[in-house]
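Taking it in order: structure first as structure tokens, then the write-up.
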Amino acid sequence: MTKIYLVRHAEAEGNLYRIAHGHYNGLITDWRGPKQIRALAQRFEGIRVDAVYSSDLYRTQTTAQAVYVPKHLPLHTSPAFREVHMGAWEGHTWQEVSRLWPEEFYHFNRRIDLWQPEGGENARQVLERYLPALEEVARAHDGETIALFSHGAALRIVLGTLQGLTLREAANVIAAPFWSTIESRPPEERARLT
């Protein structure tokens, strides 16, 4: 059995300034971000980790330092673990998004199955890039423990799916502030969220 810790990045500029970042390569904030990374390092101190993965965006790579640096592991990055591409929303504040695209904003928050931002990707497209990469990581590290650093909206969609929820139901999943754990099982069994 492979155990994978799915970890959301620490506070980034988009979180602090309430901006839709998506694929924008924003940085971790100056004060709260490093504080959260130190807390995360403490939480992982006694946990054996065999490999560390993250999206290729700065905010996840910086957060991943909490695990791969003290454990002397390489960091493997992949665009498959990026945040949802928010298309025309990127760079706008959430207040602007709610005013300019009220129906899509509602879908993003309550009906992710209907959400399709102009120039961005929908929830199904996120799953099509994310889940195969996650399965590949699990296969490459059979029986090991992995820390994988990713993003809030993408994790909400993935965690909902791994719980057996429909995309409509996945809109109500709250990605844990730090991590959720999945256990990869043999092909005849489903992955399990623990």
What is the list of residues in the range 84-107 whose amide nitrogen lies under 20 Å from a point 7 angstrom out from the Cα of residue 128, following Cα to Cβ? 84-89
Amide H contacts under 5 Å for residue 53, placed H, 5+ residues apart: 76, 147, 148, 149
In a solvent-free Debye calculation with one equal scatterer on each Cα, what is log10 I(q)/I(0) for the chain at q = 0.10, 0.14 Å⁻¹, listed in the order of the q values? -0.39, -0.77
Cα long-axis angle, helix 123-140 against the chain (0 to 90 degrees, to the nearest 10): 10
Can you list residues whose amide H is under 5 Å from residue 2's amide H, if they're 5+ apart or on another chain and H is modeled 1.01 Å from N? 143, 184
For the range 124-174, shape from the Cα gyration tensor axes a ≥ b ≥ c, cut at a/c of 1.5 then a/b versus b/c, turns out prolate
Under the rule a/c < 1.5 gives rounded, and otherwise a/b versus b/c splits prolate from oblate, where does the range 10-67 land using the Cα gyration tensor? oblate
Hz values of 3J(HN,Hα) by residue in the range 16-33 - Karplus curve (6.51, -1.76, 1.60), Gly and Pro given as x: 5, 8, 6, 10, 6, 8, x, 7, 4, 8, x, 9, 6, 5, 6, 10, 5, x
Roll a 1.4 Å probe over the protein chains and send me the accessible area per residue for the chain in Å². 50
Row for the range 81-126, column shape: gyration tensor on C-alpha, a ≥ b ≥ c, rounded if a/c < 1.5 i.e. under 1.5, prolate if a/b over b/c, else oblate; value oblate
In terms of modelled amide H atoms, which long-range or inter-chain residues lie less than 5 Å from the amide H of residue 12? 29
Rotationally averaged projected area of the range 53-151 (alpha carbon convex hull; nm²): 7.2
Each residue of the range 54-64 in turn: what ³J(HN,Hα) in whole Hz from Karplus with 6.51, -1.76, 1.60 and θ = phi - 60°, glycine and Pro shown as x? 7, 5, 8, 8, 3, 5, 7, 4, 5, 5, 4
Contour minus Cα-Cα distance for residue 72 and residue 48 (0.36 nm per residue): 7.4 nm
Kindly express, to the nearest 10 degrees and within the range 0 to 90, the angle between helix 152-162's C-alpha long axis and the longest C-alpha principal axis of the chain. 70
Based on the alpha carbon coordinates of the range 1-109, what radius of gyration and maximum Cα-Cα distance (Dmax) apply, in Å? 15.6, 47
Please build a GNM for the chain, connecting alpha carbons under 10 Å apart, and tell me which residue among 105, 44, 81 fluctuates the most. 44
Pick from 52, 67, 97: which residue has the top mean-square fluctuation in a GNM of the chain where Cα pairs under 10 Å get a spring? 97
Hey, any idea what % of the range 80-188's accessible area is carbon plus sulfur with a 1.4 Å probe? 49
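The values are calculated or read from the model by the stated rules, or taken from the named source; none is laboratory data. No experiment lies behind these values; they were computed from the predicted model shown. Because the Cβ atoms are built from the backbone with ideal geometry, glycine has one as well, and the counts that use them run over all protein chains shown. With ligands, DNA and RNA removed, areas are computed over all heavy atoms of the protein, side chains included. Shrake-Rupley method; radii C 1.70, N 1.55, O 1.52, S 1.80 Å.
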